[in-house]
Amino acid sequence: MSQGPARLDLRATVPDRPALAPAVEHLLRGGILAYPTETVYGFGGRCDPHGVGLVRRVKRREEAKPLLVLVRHADEVAGLRWTEGARELARIFWPGSLTLVLEDPDGIFPVGVRSGTGTVAVRVSPHPVVGLLLEGVDGPLTSTSANAPGRPAARSGEEALAAAVSLDVGDEMMVVDVGLLPASPSSTLVDCTGPEPVVVREGTVPLHRLRCALPGIHGV
């Protein structure tokens, strides 16, 4: 019988490779995490069919809503279709709270991350825990806010654990608890699949800053 999510309590320490080793091992065994990002806690796992399917089942994610992807750097997703606008935004704002929607014409990413229209939402997070996890698994991780549908996203490990319990998650999940995160808007989401980038959701990176880099970017 499942024992419920494990909790890796890092509130009293600076998370480093040794401290995060249990979380990395959990991912490599096919498990998923609740982990901190620069905005809120997220649910995520390795970006393969098993990991994607597990996160989507846990989150009860609607089929039409793909998971986004966290990577170490833009070169890690060089196979996506990069427009000049997307390259410029990534150059200026990554690592940062800016998510770019890019075309995946060759089907690099599995269904559930790749949308029905063949796009993928990708970001380079500045949070050090995310960087260490990505380094540990040597590849991308999926991300979606740590909450039950319709509930606020978790800002603490305690809230992330409560969300997982409310979703009847078992020991397939481990909660990486670094304590309370500062209040933050969501990441800004920009669709870079057309001739000019379009802001789908304005968040941490405001439109006026984006326009300093790309004057022709379209607002919401």
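The values are calculated or read from the model by the stated rules, or taken from the named source; none is laboratory data. Keep in mind the model is a prediction, meaning the values are calculated, not measured. Reconstructed Cβ throughout: ideal geometry from the backbone, glycine too, with neighbour counts over all protein chains shown. We work out accessible area using only protein heavy atoms, side chains counted, and drop any ligands, DNA or RNA first. Shrake-Rupley method; radii C 1.70, N 1.55, O 1.52, S 1.80 Å.
The table that follows gives values for the structure above.
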item: Members of segment 1-23 that are open to solvent by 20 Å² or more (accessible area, probe 1.4 Å), touching a residue at least 12 places away in the same chain (Cβ under 8 Å) and closer than 15 Å to Val137 by Cα; result: Asp16, Arg17, Ala21, Pro22
item: Test: residue in segment 169-192 that is more than 26 Å from Pro15 (Cα to Cα), in a loop (DSSP other than H, G, I, E, B), more than 19 Å from the chain's Cα centre (by Cα) and not aromatic (Phe, Trp, Tyr); result: no
item: Residue match in segment 44-54 (condition: among the acidic types (Asp, Glu), closer than 23 Å to Gly31 by Cα, in a loop (DSSP other than H, G, I, E, B) and in contact (Cβ under 8 Å) with a residue 24 or more places away in the chain); result: yes
item: Candidates Gly30, Gly51, Gly42, filtered to the one that is open to solvent by less than 10 Å² (accessible area, probe 1.4 Å), out of contact with any Leu (no Cβ under 7 Å at 6 or more places or on another chain) and more than 21 Å from Pro152 (Cα to Cα); result: Gly51
item: Candidates Val129, Val137 - the one that is open to solvent by less than 40 Å² (accessible area, probe 1.4 Å), under 19 Å from Ala21 (Cα atoms), in contact with a Pro (Cβ under 6 Å, 6 or more places away or on another chain) and not basic (Lys, Arg); result: Val129
item: Unique residue being within 18 Å of Ser125 (Cα to Cα) and out of contact with any Ser or Thr (no Cβ under 6 Å at 6 or more places or on another chain) when the list is Val71, Val58; result: Val71
item: Of residues in segment 112-145 being over 11 Å from the mean Cα position of the chain (by Cα) and among the polar types (S, T, N, Q), the one farthest from Ser97 (Cα to Cα); result: Thr117
item: Hits in segment 184-201 - residues which are at pLDDT below 95 and open to solvent by 60 Å² or more (accessible area, probe 1.4 Å); result: Pro185, Ser186, Pro195, Glu196
item: Where Thr39 falls short, out of the listed (1) farther than 14 Å from Leu161 by Cα; (2) of a type in the set (Val, Ile, Thr); (3) outside any loop (DSSP other than H, G, I, E, B); result: (3)
item: For Asp168: the one exception among (1) open to solvent by 10 Å² or more (accessible area, probe 1.4 Å); (2) touching a residue at least 24 places away in the same chain (Cβ under 8 Å); result: (2)
item: Condition met for Val129 (touching a residue at least 24 places away in the same chain (Cβ under 8 Å), in a helix (DSSP H, G or I), closer than 28 Å to Pro182 by Cα and among the aliphatic types (A, V, I, L, M)); result: yes
